[in-house]
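**Q** Have a look at the structure that comes next, please.
The values are calculated or read from the model by the stated rules, or taken from the named source; none is laboratory data. Just so it is clear, the model here is predicted, and its values are computed rather than measured. A quick note on method: Cβ atoms are made from the backbone with ideal geometry, for glycine too, and the neighbour counts reach across all protein chains shown.
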Amino acid sequence: MRRFSLIALLAVGLAGCAQLAAPELPPPPAGYRLSHYRAPTPAELPGAQRVDARQLAARLQTAPRPLLIDVLPAGRLTDSDGVSHWLPNAPRRNLPGSVWLPNVGHGEPEPAMADWFARELARLSAGNRDAPLVFYCLRDCWMSWNAGKRALALGYRQVLWFADGSDGWQDAGLPLEDAAPLPYTPPR
């Protein structure tokens, strides 16, 4: 009886320790994350498929190859002629073959930025709403969650969310390459 009690007590204690070790992830919000973008993200993006580095690497070997979309934010400067230029805070390395669309993961993007995102997705997917799209940023970055949610709202049906981002890709021993943001062309 004592042995059973000791084993039961140890089991309960270990289960409690496991719960303490695993951080509780926030639930998906009804809308978009509007601030504090570098924070733990939900376990899921409703309507999308969450993938890890191993799953994504395998998926990149299949047809149709998913379009990789990096949404890491960057500063932007608009000159006197109305031409915008990205001003990344630091050099960026992303997954090979990615397209970098900065700032499209803000919770409330300016209308011109939201329009640019929609136009670029349509262009990059050749208007195919069934084209697989992978959204990522960094680990614990809501920008990719928001961008994936926005793509779903635009009618894209194969949205994949790589929540671990370029950090997780590198941690898995997979290569990164130097990146440059896609030029921002606001509607005229």
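**Q** Leu72 is checked against (1) modelled with pLDDT of 95 or more; (2) of a type in the set (A, V, I, L, M, F, W, C); (3) surrounded by fewer than 18 Cβ atoms within 10 Å (Cβ to Cβ) and fails just one. What number does that condition carry?
**A** Among (1) modelled with pLDDT of 95 or more; (2) of a type in the set (A, V, I, L, M, F, W, C); (3) surrounded by fewer than 18 Cβ atoms within 10 Å (Cβ to Cβ), Leu72 violates only (3).
**Q** Take region 96-116 and flag every residue that is out of contact with any Gly (no Cβ under 9 Å at 6 or more places or on another chain) and either aromatic (Phe, Trp, Tyr) or under 22 Å from Ala53 (Cβ atoms) (or both).
**A** The answer is Pro96, Gly97, Ser98, Val99, Trp100, Leu101, Trp116.
**Q** Could you say whether any residue in region 91-103 is among the small types (Gly, Ala, Ser) and over 16 Å from the mean Cα position of the chain (by Cα)?
**A** As a first pass, look at region 91-103 and keep what is among the small types (Gly, Ala, Ser): 97-98.
Okay, now just the ones that are also over 16 Å from the mean Cα position of the chain (by Cα), so none.
No, there is no match, as no residue in region 91-103 is among the small types (Gly, Ala, Ser) and over 16 Å from the mean Cα position of the chain (by Cα).
**Q** So, of the residues in region 38-57 that are under 19 Å from Ser98 (Cβ atoms) and charged (D, E, K, R), which turns out to be surrounded by the fewest Cβ atoms within 10 Å (Cβ to Cβ)?
**A** Among them, the one singled out is Arg54.
**Q** Step by step: first the residues of region 101-119, then only those that are outside any loop (DSSP other than H, G, I, E, B) and small (Gly, Ala, Ser), then the one that is surrounded by the fewest Cβ atoms within 10 Å (Cβ to Cβ). Which residue is that?
**A** Just the residues of region 101-119 that are outside any loop (DSSP other than H, G, I, E, B), to begin with: 111-119.
From the residues that got through so far, the ones that are small (Gly, Ala, Ser) too are 112, 114, 118.
Working: Ala112: 13, Ala114: 15, Ala118: 16.
So, considering only residues that are outside any loop (DSSP other than H, G, I, E, B) and small (Gly, Ala, Ser), the one surrounded by the fewest Cβ atoms within 10 Å (Cβ to Cβ) is Ala112.
**Q** Which residues, counting only those in region 163-188, are over 22 Å from Arg129 (Cα atoms), assigned to a loop (DSSP other than H, G, I, E, B) and of a type in the set (A, V, I, L, M)?
**A** Ala172, Leu174, Leu176, Ala180
**Q** I'd like to verify a number: residues in region 120-162 that are over 14 Å from Asp70 (Cα atoms), among the basic types (Lys, Arg) and outside any helix (DSSP H, G or I), how many?
**A** Within region 120-162, residues that are over 14 Å from Asp70 (Cα atoms), among the basic types (Lys, Arg) and outside any helix (DSSP H, G or I) number 2.
**Q** Which of (1) touching a Leu at 6+ places or on another chain (Cβ under 8 Å); (2) of a type in the set (Asp, Glu); (3) over 22 Å from Ala180 (Cβ atoms) is the odd one out, the single condition Asp52 does not satisfy?
**A** Among (1) touching a Leu at 6+ places or on another chain (Cβ under 8 Å); (2) of a type in the set (Asp, Glu); (3) over 22 Å from Ala180 (Cβ atoms), the lone unmet condition for Asp52 is (1).
Yes/no matrix, rows are residues, columns are (1) within 22 Å of Leu174 (Cβ to Cβ); (2) touching a Leu at 6+ places or on another chain (Cβ under 9 Å); (3) not in a loop (DSSP other than H, G, I, E, B):
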{"site": "Ser35", "(1), (2), (3)": "no, no, no"}
{"site": "Ala43", "(1), (2), (3)": "no, yes, no"}
{"site": "Ala57", "(1), (2), (3)": "yes, yes, yes"}
{"site": "Pro64", "(1), (2), (3)": "yes, no, no"}
{"site": "Leu68", "(1), (2), (3)": "yes, yes, yes"}
{"site": "Pro73", "(1), (2), (3)": "no, no, no"}
{"site": "Asp81", "(1), (2), (3)": "no, no, no"}
{"site": "Ala90", "(1), (2), (3)": "yes, no, no"}
{"site": "Arg93", "(1), (2), (3)": "yes, yes, yes"}
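**Q** Does Val159 satisfy the criteria of being within 16 Å of Asp52 (Cα to Cα), among the β-branched types (Val, Ile, Thr) and modelled with pLDDT of 95 or more? Steps first, please.
**A** Details: within 16 Å of Asp52 (Cα to Cα): yes; among the β-branched types (Val, Ile, Thr): yes; modelled with pLDDT of 95 or more: yes.
Considered against the rule, which asks whether it is within 16 Å of Asp52 (Cα to Cα), among the β-branched types (Val, Ile, Thr) and modelled with pLDDT of 95 or more, Val159 comes out as yes.
**Q** Of Ala163, Ala147, Ala114, which residue is aliphatic (A, V, I, L, M) and farther than 29 Å from Thr78 by Cα? Steps first, please.
**A** On the way: Ala147 fails: farther than 29 Å from Thr78 by Cα; Ala114 fails: farther than 29 Å from Thr78 by Cα.
Answer to the check: Ala163.
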